[in-house]
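Below is one structure, written out as structure tokens; the observations come after it.
The values are calculated or read from the model by the stated rules, or taken from the named source; none is laboratory data. As the structure is a prediction and not an experimental result, all values here were calculated from the model. Using ideal geometry, Cβ is built from the backbone for each residue, glycine included, and neighbour counts are taken over all protein chains shown.
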Amino acid sequence: MKTDERSRLDGNCRIIINMEAPEECRIALLENGRLEAFDIETFSHTQTRGNLYKGRIVRIEPSLRAAFVDIGLSRNAYLPLDDIHPEYYGYSEDRKRIHEFLKKDQDILVQIVKEETHLKGSAVTTYLSIPARYLVLMPGTAQVGVSRKIEDEEERQRLKQILRSCKLPEGVGLIARTVAEGVPKVEIRKDLRYLVRLWSNLRKKAQSAQVPALIYRDRDLVTRFLRDYLTSDVREILVDRQEVYDNIKAFLRIIAPRQVATVRLYQGDVPIFSHFDLEAKIDQVYQSTVSLRSGG
């Protein structure tokens, strides 16, 4: 269970990273002791959500209004009609007959939105999104927007003006993430330059790649979590493994130098999640209808 992006927090937050077990990584975000976000990754299972693949349509099921795509994993991926970008059906209002605009053996670029299980293949979309620290680049749309969680209207307008002033490749849109709030224009433009270069390289890779092919792999869990949740509200980052502690500090020197000093190596006798009563908090979330605040 996790949220996709942080909500607006109150300024007394900790990120707790548990790497004590050799086979898994667990991360939690606490605000005033309340569990706001949690994610887990097991090293025996490779994370695929967020990855981009060049795949090939192997079957179209009109009754399901979906296609199945070979992306090189153990099961074919499931592509529903609602996740097919208008560029594939000419922006026509009538897209009920999926077999009329998608064909068997057609190559297609997709992104995983839901991991495969032992029973089902991955769920994929052709609405692509590539996140960076402050921005999300969205190929196939010319729109720019600002996260709903940024509520201050003056700040929303400032960010929109910055995005509109940016020179974007044709057919590419942008969203300013929640963590972009208050960030100087120069930093946002730096983020954009990175994303534009990345997307250009991914397009070239996709054009030349043999199907099926992994085109883009999202970052590891620790990096993703810090990218998505780390703001000035976070006062402390605690981790229980020296190697990960060193890696986090190196990463923060690049993306958030002022917060390098917030990183602490936990060396307590009690396991780190137990110290913060996180085991009970996580169990409560899984065993009840208690939900975490989500962001966007």
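Counting only residues that are surrounded by fewer than 22 Cβ atoms within 10 Å (Cβ to Cβ) and either closer than 18 Å to Val263 by Cα or among the β-branched types (Val, Ile, Thr) (or both), the stretch 13-24 holds 3 of them. Across the stretch 254-273, the number of residues qualifying as more than 21 Å from the chain's Cα centre (by Cα) and either of a type in the set (D, E, K, R) or assigned to a helix (DSSP H, G or I) (or both) comes to 10.
Conditions tested, residue by residue: (1) surrounded by 14 or more Cβ atoms within 10 Å (Cβ to Cβ); (2) closer than 30 Å to Pro169 by Cβ.
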position	(1), (2)
Leu214	yes, yes
Arg219	yes, yes
Phe251	yes, yes
Gln259	yes, no
Asp277	no, no
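Please go through the stretch 53-72 and pick out each residue that is outside any strand (DSSP E or B) and touching a residue at least 60 places away in the same chain (Cβ under 8 Å). I'd like the intermediate steps shown before the answer.
Taking the stretch 53-72 as the starting set, the residues that turn out to be outside any strand (DSSP E or B) are 62-65, 71-72.
Once the filter is applied, which keeps residues that are outside any strand (DSSP E or B) and touching a residue at least 60 places away in the same chain (Cβ under 8 Å), the stretch 53-72 yields Ile71, Gly72.
For the stretch 130-145, name all the residues that are touching a residue at least 40 places away in the same chain (Cβ under 8 Å) and at negative phi. Those that are touching a residue at least 40 places away in the same chain (Cβ under 8 Å) and at negative phi: Ile130, Pro131, Ala132, Arg133, Tyr134, Leu135, Val136, Leu137, Pro139. Within this structure, Arg235 passes the test of being touching a Cys at 6+ places or on another chain (Cβ under 8 Å) and over 19 Å from Arg26 (Cβ atoms).
From the list Val110, Val124, Val136, Val186, the lone residue that is at pLDDT 90 or above, in a helix (DSSP H, G or I) and among the aliphatic types (A, V, I, L, M) is Val186. Of the residues making up the stretch 122-149, those that are more than 23 Å from Lys167 (Cβ to Cβ) and charged (D, E, K, R) number 2. Name the residue that is modelled with the lowest pLDDT, counting only residues in the stretch 1-25 that are touching a helix residue (DSSP H, G or I) at 6+ places or on another chain (Cβ under 7 Å) and part of a strand (DSSP E or B). Once the filter is applied, the top-ranked residue is Cys25. Restricting attention to the stretch 42-52, the residues that are buried (at least 18 other Cβ atoms within 10 Å of the Cβ) and in a strand (DSSP E or B) add up to 1.
Pairing residues of the stretch 261-290 that are farther than 20 Å from Val244 by Cα with residues that are among the acidic types (Asp, Glu) and modelled with pLDDT of 90 or more, at Cβ distances under 7 Å and at least 6 apart in sequence or on separate chains, gives no pairs at all.
Taking the criterion of being closer than 22 Å to Lys205 by Cα, among the charged types (D, E, K, R) and under 17 Å from the mean Cα position of the chain (by Cα), the only residue of the stretch 26-83 that qualifies is Arg49.
From the set of residues in the stretch 101-116 that are β-branched (Val, Ile, Thr) and within 19 Å of the chain's Cα centre (by Cα), which is surrounded by the most Cβ atoms within 10 Å (Cβ to Cβ)? Step through it out loud before you land on a result.
Taking the stretch 101-116 and keeping what is β-branched (Val, Ile, Thr), we get 108, 110, 112-113.
Subsequent filtering for residues that are within 19 Å of the chain's Cα centre (by Cα) retains 110, 112-113.
Values: Val110: 26, Ile112: 22, Val113: 15.
Filtering first and then ranking leaves Val110.
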